[in-house]
Every structure is written in structure tokens, then in C-alpha cells.
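Below: one structure, written as C-alpha cells.
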Amino acid sequence: FQDEYMVADRIHEQREIVRSHIEGIVAQCDAFPPGTRVVVFGSSANGFGSPSSDLDMCLQMPQGSKLPNADEDTSGAGAMAILAGLLENGGMKEVDTVRLTARIPIIMFNCPRPMAVEGEDPTMECDLSMQNPLACLNTTLLLSYSRIHPVTRVLAAIIKRWAKARDINNPSKHTLSTYGYIIMLLHFLTYHKRTGTGLVCPASDPPPNPPNPTTLAPLLPNLLWMDGSWLGSPPGTPYKELNSLPAQMMKHPLEEDIVVNTYFFRLAEERIFQAIQQRFPSQDLSLGILLASFFRYYAYEFDFKRHVISLHSTLQHGLVEREVKAEINGWRVYSTSIAVEDPFETFYDIAHVVKGANFHKIRNEFALAYSKIVDAATTNSNTRKKQQKQQSQQQKQAKEINNGMDLINWICEPADQDESQDGTKSQAVSAGGGVASSSTSPKSK
């Protein structure tokens, strides 16, 4: 993780130099009001990126201001087209304006990389979009989660690598976006708790007897619903959630007549951040158990027909029901596909691009990943030797699991390498106790 995903200070400095340079070009553009800033959002700023992440930026106009030509250029596409020309004149490479007609106009370009070292890509891939306050808000929320403890970031890195390798991480091909998988992970961590025996279970499971504060709290705090006053209570006080969300309403920047609630508990002060870390320790959490439980949850336990993956699922209110989303937002009810609710734009289904056939593919990949972990944990060396004698050399290498990295590499094998490994895929059925269908199967932790 350190080698592949930790972003060195030098990379942060490079990104800040690029951001500042772009902001200087924007300041020269009369199509935007004075004082317009450039803000970084997305994977380069939310703690779940890598050194190779694209630099996603958006324009942030001063509060109360508007484009000089706002009456005619309602979307900002015209102003962005003018800015694209200035970017090209300012030394940006391969400036692409094909997405200026998108819901939020975007300019794509490559910026010469400052402070580049030998072996490093000489350019940095960049996107610059019109004002996008909700994306910036999402970035702040995800950054808060990524900072609480490193287990979350490591799990996210593995899941991102797995989804990309297994060819289930491309919205243009009707599979789920990286952001969708991050929300799935955060839902899992905020809706699961310790059992007291080294395992984890859904929040809806009965507490152990006798219960203790550690087994009553989720693995991660639900920053949308956690009662902030609980942090000031004496140690040992049971985790507490709000009965209803405080209203911090903002007019939607794109959708007329829609307002969104932007409330979540901010970790703005160091003392608050430290208090959260003390209440939600990670030292006792096994990465292997968490990863296996994550894959099992979505392969066999989560009822996709009835429920929505959401950070508004809480210990107090339970899972978000599809019927409720159908009534309020017109979502499909009892669908055999996945639904992932955006934390702030709750009317928006992040997984709306996923088609039925691809949903079943995604579900089966969860089952296959879980079965590989089970196989590595339970198959003894003699059985493995017998299996290896009957398999190709390629399969032998996949089965030789000597450490955690070997297991991760096996889980994250590219999909095109196992087209002939039907036996391995069939293990997903036997290891999980049933086929990964759209209904839940009995739990057998």
C-alpha cells in the first residue's frame, strides 16, 4: 500500500503548482468574475487516490456572483470554451472540449508536470469543470472517512484494484464507478459492528450478551447521522445517533426547484479528529476478516431487491428501503439490479448505469473473491498439492498463497486470465453456501 498508493509530499506539491497555475490563467479570463478560484476535488483530494490519479479541478466563483454572460450562457459552456483557448495558449497540451455540452461542462487537458523526475510521466492528466459545490462537499466527506484510520484507505485500494482487474469498474460499459465502490465500502463499515469474537456483523444483528460499547458502535462513525455530543460524553457511553438530520440546505447548482441537505459532522478541529480516532480504534481489526466480510455481505447477505446501499442506513433506522426511494424519488422497486444512493443528492442513483446482466456479473465477482479468501484460509497444504497436480502451471501459481499479498494478487487477477478456470468460479457457489442471487442466503459466519 505504501509503495503503490501513498501520495508523497512531492506529488502534493506538483498538484498544488498545477492548481495555482490554472487559477492564474482563469484570473486572466474575462468570461469569469474576478476572484474565481480553482479547487481540487475527487480522488486527488479525498484520501482514496494514488500518485497516478488524475487531477480533478473545478471553478469556484465568489459567493453571490455569476458569469458576466449568464443570461445567454446558462450552463457556462461558452465561458469554458473561451477558457479552453487560454489554457492552450498557457502551455496546456491536448486541450479537449468535447465534454463542454455535459451536465457540468468540463475541459480535459494535460499539464506539463512540474518538478518531474526521471521515469515519471512528463504530463499530468487534468479535468477542469464549472462550479461543482456538491462534488467538493463529497470530497470533504470522503476525506474525513479516509483520515479516521488507515484500514479504510487500504481496503479501498484493494477493492479499487479488484474492481478494475475484474472489469466491473467502467460506467461507460454499464458497470459501477469507483465512487460507487467507495460508497459501498463506507456503507459496509458504517453499518457493521464488532461481534466481540474477532468477527464483524451487520448492525441489525442482536448485540452480544453482555453487550459493551465497542460492540454497539459501528466500525466507522456515520458522519451523516452520528450525534456529535456523544464525543463529549464519558468513555464507555454507548454510541449515539441523531433522530433526524439538522437542516443545512443548499440550492442544487443544476436542478431547478431542488434543494439538498449538506449536513454532516465535520472533523474541522484537531481535538475532534483525535476524539473520533479514540472512539473508533482500528488496531483490533483484521484486514483479512474485513475484506472477506465485505465481499460476503454483497455476495450473499445484502438484499438488493428490497434495499438501497446508502450512508443514510443507520443503527437506529435500519437499511434504506427501495419502496421508500420509489415513492419519494421514482426509483425502480423490486429491481434485480444494484442501487447506490448519493449521500447528498439523495434523489440520484449512482448505479443507474448498471444493467441487469452486469449486476449479476458484479454480484458473482463478489462471490468469487469471497470464495478465494475462504479457499486460502481453509484448504490445507495436502489438499492444495492434490489440486495443483491436476491444474495448469498458471493455476498452480494462483493457488500458492503464502502471505496476504499473494491472496490480494489472486483476488485481483485480470478477468481475461481466468476464462478457462471454470472450477475456480464454481467454488464461489460452494464457499458461500449458495449461488449469489438477488435474494439473500443464510448467514454462516
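The values are calculated or read from the model by the stated rules, or taken from the named source; none is laboratory data. It should be emphasised that the depicted structure is a prediction, and the values quoted were computed from it without experimental measurement. Heads up, the Cβs are rebuilt from the backbone with ideal geometry, glycines too, and the neighbour counts pull from every protein chain shown. Calculation scope for accessible area: heavy atoms of the full protein, side chains included, ligands and nucleic acids excluded. Shrake-Rupley method; radii C 1.70, N 1.55, O 1.52, S 1.80 Å.
Is it fair to say residue 136 is part of a strand (DSSP E or B), open to solvent by less than 40 Å² (accessible area, probe 1.4 Å) and more than 17 Å from residue 7 (Cβ to Cβ)?
Taking the combined requirement at face value, the residue does not satisfy it.
Yes/no matrix, rows are residues, columns are (1) in a helix (DSSP H, G or I); (2) of a type in the set (Phe, Trp, Tyr); (3) at pLDDT 95 or above:
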position	(1), (2), (3)
56	no, no, yes
66	no, no, no
72	no, no, no
78	yes, no, yes
83	yes, no, yes
86	yes, no, yes
94	no, no, yes
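Kindly indicate which of 59, 83 is touching a Ser or Thr at 6+ places or on another chain (Cβ under 6 Å) and surrounded by 17 or more Cβ atoms within 10 Å (Cβ to Cβ). Don't jump to the end; show me each part of the working.
Details: 83 fails: touching a Ser or Thr at 6+ places or on another chain (Cβ under 6 Å).
Being touching a Ser or Thr at 6+ places or on another chain (Cβ under 6 Å) and surrounded by 17 or more Cβ atoms within 10 Å (Cβ to Cβ) holds for just one of 59, 83, which is 59.
Would you please list the contacts, defined by Cβ atoms under 8 Å and residues six or more apart or on different chains, that run from a residue in the stretch 88-105 that is surrounded by 11 or more Cβ atoms within 10 Å (Cβ to Cβ) to a residue that is among the acidic types (Asp, Glu)?
Going by the 8 Å Cβ cut-off, the qualifying pairs are 95/88.
With the requirement that a residue be aliphatic (A, V, I, L, M) and open to solvent by less than 10 Å² (accessible area, probe 1.4 Å), what does the stretch 158-173 give you? It would help to see each step written out before you state the result.
Step one: of the stretch 158-173, the residues aliphatic (A, V, I, L, M) are 158-159, 163, 165, 168.
Within the stretch 158-173, 159, 163, 168 meet the criteria.
Does residue 305 satisfy being basic (Lys, Arg) and in contact with a strand residue (DSSP E or B) (Cβ under 8 Å, 6 or more places away or on another chain)?
On the way: basic (Lys, Arg): yes; in contact with a strand residue (DSSP E or B) (Cβ under 8 Å, 6 or more places away or on another chain): no.
Judged against the criteria, residue 305 is not a match.
Just for the stretch 16-31: of the residues that are open to solvent by less than 20 Å² (accessible area, probe 1.4 Å) and out of contact with any helix residue (DSSP H, G or I) (no Cβ under 6 Å at 6 or more places or on another chain), which one is farthest from residue 80 (Cα to Cα)?
18
Going through the stretch 298-313 one residue at a time, which ones are touching a residue at least 40 places away in the same chain (Cβ under 8 Å) and open to solvent by 10 Å² or more (accessible area, probe 1.4 Å)?
301, 303, 305, 312
Right, residue 253: closer than 29 Å to residue 373 by Cβ, modelled with pLDDT under 95 and open to solvent by 30 Å² or more (accessible area, probe 1.4 Å) or not? Before the answer, list the steps.
Working: closer than 29 Å to residue 373 by Cβ: no; modelled with pLDDT under 95: yes; open to solvent by 30 Å² or more (accessible area, probe 1.4 Å): yes.
So residue 253 fails the test.
For the subset of the stretch 98-109 comprising residues that are more than 24 Å from the chain's Cα centre (by Cα) and not in a strand (DSSP E or B), which member is modelled with the lowest pLDDT?
Our first condition is that a residue be more than 24 Å from the chain's Cα centre (by Cα); within the stretch 98-109, this holds for 98, 100-101, 109.
Among the residues that remain, those that are also not in a strand (DSSP E or B) are: 98, 100-101.
On the way: 98: 96, 100: 95, 101: 90.
Looking at the filtered set, the residue picked out is 101.
Check the stretch 319-336 and report whether any residue there is touching a strand residue (DSSP E or B) at 6+ places or on another chain (Cβ under 7 Å), open to solvent by 20 Å² or more (accessible area, probe 1.4 Å), within 24 Å of residue 226 (Cβ to Cβ) and not acidic (Asp, Glu).
First, the residues of the stretch 319-336 that are touching a strand residue (DSSP E or B) at 6+ places or on another chain (Cβ under 7 Å): 319-322, 325, 331.
Checking the rest, the ones that are also open to solvent by 20 Å² or more (accessible area, probe 1.4 Å) come to 319-321, 331.
Next cut, within 24 Å of residue 226 (Cβ to Cβ) only: 319-321.
With the extra rule that they be not acidic (Asp, Glu), the set shrinks to 319-320.
Yes; the residues of the stretch 319-336 include at least one that is touching a strand residue (DSSP E or B) at 6+ places or on another chain (Cβ under 7 Å), open to solvent by 20 Å² or more (accessible area, probe 1.4 Å), within 24 Å of residue 226 (Cβ to Cβ) and not acidic (Asp, Glu).
Among (1) touching a helix residue (DSSP H, G or I) at 6+ places or on another chain (Cβ under 6 Å); (2) at negative phi, where does residue 122 come up short?
Against the list (1) touching a helix residue (DSSP H, G or I) at 6+ places or on another chain (Cβ under 6 Å); (2) at negative phi, residue 122 comes up short only on (1).
Looking at the stretch 110-145, which of the residues that are modelled with pLDDT under 95 and of a type in the set (Gly, Ala, Ser) is nearest to the chain's Cα centre (by Cα)?
Selected residue: 135.
Of all residues in the stretch 333-372, how many are touching a helix residue (DSSP H, G or I) at 6+ places or on another chain (Cβ under 9 Å), in a loop (DSSP other than H, G, I, E, B) and of a type outside the set (S, T, N, Q)? Working first, answer last.
Taking the stretch 333-372 as the starting set, the residues that turn out to be touching a helix residue (DSSP H, G or I) at 6+ places or on another chain (Cβ under 9 Å) are 333-351, 353-354, 358, 362-372.
The next check asks that each one be in a loop (DSSP other than H, G, I, E, B); those that pass are 333-339, 342-348, 350-351, 353-354.
Restricting the remaining residues to those that are of a type outside the set (S, T, N, Q) gives 333-334, 338-339, 342-345, 347-348, 350-351, 353-354.
Counting residues in the stretch 333-372 that are touching a helix residue (DSSP H, G or I) at 6+ places or on another chain (Cβ under 9 Å), in a loop (DSSP other than H, G, I, E, B) and of a type outside the set (S, T, N, Q) gives 14.
Name every residue in the stretch 153-208 that is more than 10 Å from the chain's Cα centre (by Cα), assigned to a loop (DSSP other than H, G, I, E, B) and more than 24 Å from residue 410 (Cβ to Cβ), in order of residue number.
174, 191, 195, 196, 197, 203, 204, 205, 206, 207, 208
Pick from 54, 71: which is out of contact with any Pro (no Cβ under 8 Å at 6 or more places or on another chain) and closer than 29 Å to residue 142 by Cβ?
54
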